[in-house]
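The values are calculated or read from the model by the stated rules, or taken from the named source; none is laboratory data. As the structure is a prediction and not an experimental result, all values here were calculated from the model. Using ideal geometry, Cβ is built from the backbone for each residue, glycine included, and neighbour counts are taken over all protein chains shown. SASA here: full protein model, heavy atoms, side chains in, ligands and nucleic acids out. Shrake-Rupley method; radii C 1.70, N 1.55, O 1.52, S 1.80 Å.
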Amino acid sequence: RYEPTWGSLDARPLPAWFDEAKFGVFIHWGVFSVPSFGPTGTVLWYWQKEKREPYVKFMEANYPPGFSYEDFGPLFTAEFFDPNQWADILKASGAKYVVLTSKHHEGFTLWGSKYSWNWNAVDVGPKRDLVAELAASVRNRTDLHFGLYHSLFEWFNPLFLEDAANVFKTRKFPTSKSLPELYEIVTKYHPEIIWSDGNGNAPDTYWNSTGFLAWLYNDSPVRDSVVTNDRWGVGSICTHGGFYTCSDRYNPGYLLPHKWENCMTIDRRSWGYRRDAQLSDYLTIEDLVKQLVETVSCGGNLLMNIGPTHDGRIAVIFEERLRQMGAWLEVNGEAIYGTKPWRAQNDSVTQEVWYTFSPKEGTVNAIFLNWPVSGTLELGEPQAKLGETQVKLVGYEELLKWVALGEKGLVIALPQLTPKQLPCQWGWTLQL
C-alpha cells in the first residue's frame, strides 16, 4: 500500500498503457466557451480582476450593463453536442486517450456535482451531464482511455479567497469543495487519468494532495490503471506525482529521465475556443507532426488540445487537424505507439530527423520531416552492417539501397515517387 507521502507515492510505477499510448487529445470546454474571447477562461480574470482594457471594452460593447460572469452560465447551451460524433472524431485522430476539463478555474463543473450547487452543467445551461455522456460514448465506440482535468482552485470562490487571506492556515475550500469533487469524479466516472491543475499558490499540504493520491492508488475503482500528473500544489510540478508536465507547451528537445507529457494547443494563443482566431493562429499539420515526433523521440507523450464551441461543436479546423493526425498515424503509427527512445534522439548530420526504437521488432525508426531534393538521405547516427541491415520506407513495398559511411552513418537512396505515390504527406519513416 502507498503511504500519503511523496516518497511512497512517487515510487509507484506508472501503468504501462500510458507510455505506450504516446498521443492524447485535450478538450477545454466550459462556460468560458461562451464569450470565447482571448485565451481560455481569461475573460473572467482579465475583465473582473485585472480590468484589462480590451476585455472591459469587449464586455461593455457586447453585453448589457450589470452583466456578470454567472450570466454566461445559461448561455452555455451545448445544443449541438453529440458525444458519439466527438468519440468518432477522437477515434479517427489516432489518439489513445482523451482528457476533458471537468472543471476549470471558474468553478463550473461539467457534471451535476453536489458540491457545486447551481453552478454546473446539469442545473444550468445544457441541463445535461456532459462528463457522463462523453465517457459513455468514448467507452462504447473507441478504445481510448478516458481522463479528466480538474482545477484545484477557483479564482473567485469566497471560501478559497478566505483561505488565501489566511495564508492557507485554514482549509475550508479544499475540504468542502475541491477534494469532495475529486472523490466524486473518480467514484462516478472511473477516469484513467486525473489531470490536476491550478494550485492557487497553495502548498500540497493545503490541498491534501498526498492523502487523495494514496486513496486513488490504494482503494479507488481505478487504482491499478490510473495515471496522474505533477500539478498538486506549489513545488510539486516537474518533481512529484505521476508523469511530469513541467509547464504548458513543454518540449525540451532532449531525453528526460522521467516520463513526461507535452500539453499544447492547435490554436497557438488559447486552450478554449476563440471566435476571433485567424487562420494563421492555428498550427499546421506539419507543425503538429513535428511536435509529435520530437516529443515521442525524447520519451514524452503529446496531449494536443482542441476547444469546442459553447453550443457543443468541434470546429471543422480542429476536426481536420485531428483527422490529418489520424491519417499520418495510420501509416507511421508503428514508429510512434509502443516505442522506446533510442540511444540518439535526433540525427547528428541531417536536421529534422528523429529516432524511435521498436523493441518487439528490434527496428530503429528514423522519421524524416523533409523529403530531400537530391533523392538521397544521409544519416549520421545508425551503424549499418552489410548483409545484416535492411532499410525500408514505411508504406512502400521494396527494400531501399544504402551505402555505409565508415563506422557510423549511411546514405540511403529514396525511391522516385510522385506526390500521389508517397505513403503520406507530412513526414516519413525509415525502418532500419
Q.
In whole Hz and in residue order, list the ³J(HN,Hα) couplings for segment 324-338 that follow from phi through the Karplus curve 6.51 cos²θ - 1.76 cosθ + 1.60, θ = phi - 60°; x for Gly and Pro.
A. 5, 4, x, 5, 5, 5, 4, 7, 9, x, 5, 8, 10, 4, x
(Q) For the chain, what does the relative contact order come out to in percent, with C-alpha contacts under 8 Å and a separation of six or more? (A) 17
(Q) Under 10 °C and 1.306 mPa s, how fast does segment 246-342 diffuse according to Stokes-Einstein, given a Kirkwood radius computed over C-alpha pairs? Answer in µm²/s, whole number. (A) 111
Q | Cα centroid of segment 135-158 to Cα centroid of segment 38-108, whole Å | A | 15
Q) Per the helix-only calculation at 222 nm, which mean residue ellipticity applies to the chain, given -39500 (n - 2.57) for every DSSP H run of n ≥ 4 and division by its residues, nearest 500 deg cm²/dmol? A) -7000 deg cm²/dmol
**Q.** segment 71-224 - Rg over Rh from alpha carbon coordinates, Kirkwood radius
**A.** 0.99
**Q.** Segments 342-355, 58-71, 109-122 sorted - mean Cβ within 10 Å per residue, highest first
**A.** 109-122, 342-355, 58-71
Q: Can you give me the three principal axis dimensions of segment 124-206 from its C-alpha atoms, in Å, biggest first?
A: 48, 28, 18
Q. Accessible area of residue 240, 1.4 Å probe, to the nearest 10 Å²?
A. 40
Q: Quick one: which residues, 5 or more positions from residue 29 or on another chain, have an amide H under 5 Å from its amide H? H modelled 1.01 Å from N in the peptide plane, none for Pro or chain starts.
A: 101
Q.
What are the equivalent ellipsoid semi-axes of segment 26-85, built from the alpha-carbon gyration tensor (square roots of five times its eigenvalues), in whole angstrom, biggest first?
A. 24, 13, 9
Q. Among residues other than residue 199 whose Cβ falls under 11 Å from its Cβ, what is the net charge (Lys/Arg +1, Asp/Glu -1)?
A. -2
Q | Amide H within-cut-off set for residue 195, under 5 Å, with H built and near neighbours excluded | A | 148, 149, 150
(Q) Can you work out the Karplus-derived ³J(HN,Hα) for every residue in segment 403-410? Use 6.51 cos²θ - 1.76 cosθ + 1.60 with θ = phi - 60°, whole Hz, and x for glycine or proline. (A) 10, 6, 10, x, 6, 9, x, 7
**Q.** With Cα atoms, 0 to 90° folded angle of helix 130-141 axis to the chain main axis
**A.** 30
Q | 15 Å Cα cut-off, lysine pairs counted over segment 276-432 (separation 8 or more, or different chains) | A | 4
Q) So what are the radius of gyration and Dmax for the Cα set of segment 340-431, in Å? A) 12.5, 36
**Q.** Mean Cβ count within 10 Å, highest first, over the residues of peptides 74-85, 308-319
**A.** 308-319, 74-85
Q. What's the extension gain from residue 82 to residue 248 if we count 0.36 nm per residue and subtract their Cα-Cα distance?
A. 56.9 nm
Q | Partner aspartates and glutamates for residue 259 [C-alpha distance under 17 Å; skip if fewer than 8 residues away on the same chain] | A | 10, 19, 20, 192, 230, 248, 294
Q.
Kirkwood Rh and Cα-based Rg: tell me the resulting Rg over Rh for segment 1-127, rounded to two decimals.
A. 1.07
**Q.** Built amide H within the under 5 Å cut-off of residue 384, gap 5+
**A.** 409
Q: Jot down the per residue volume, in cubic angstrom and as a whole number, of the convex hull over the alpha-carbon atoms of the chain.
A: 154
Q. Tell me which lysines have Cα within less than 27 Å of residue 188's Cα, excluding those fewer than 8 residues away on the same chain?
A. 22, 91, 96, 103, 114, 127, 172, 177
Q.
So with the 1.4 Å probe, I'd like the accessible area per residue for segment 6-335, rounded to whole Å².
A. 37
